[in-house]
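Peer 1: Just passing along the structure, written as structure tokens.
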Amino acid sequence: MVVEANEMTDKQKVIIPDTPVSVGEGIHLYHVVIENIDYRDCPDFCDAHITYAEIDDPKTGERRELTEQEIEDLDPAYVQEYIWDYIF
């Protein structure tokens, strides 16, 4: 895991390497980037969100980058749980 901090805002960006994590039935994300982790907002972390992730495409079997729309369409409950799992 790589953590980058923005000294101006005290917010962090976390890059989680190829550890597959389920965010729904049969959906596993890889190389996830979570941004805007603000520890002053603990335990809510309401600004933290996924900005990049890869998935094994069920149609082609190839790993590919999720589009912005696909990231937005992920189940919010799974995404929030995923973020909490890596923060704590």
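Peer 1: Just in segment 44-88: which trypsin sites (Lys or Arg not before Pro) are loop by DSSP and have at most 11 other Cβ atoms within 10 Å?
Peer 2: Here the sparse-neighbourhood loop sites are 59.
Peer 1: What are the residues whose amide H is under 5 Å from the amide H of residue 66, where those residues sit 5 or more places off or on another chain and H is modelled from the backbone?
Peer 2: When sequence neighbours closer than 5 places are left aside, the close amide H contacts are 53, 54, 55.
Readers should treat all values here as calculations from the given coordinates under stated rules, not as data from a laboratory. Keep in mind that this is a model prediction, so the values were computed, not measured. Positions of Cβ are backbone-derived with ideal geometry, glycine not excepted, and every protein chain shown enters the neighbour counts.
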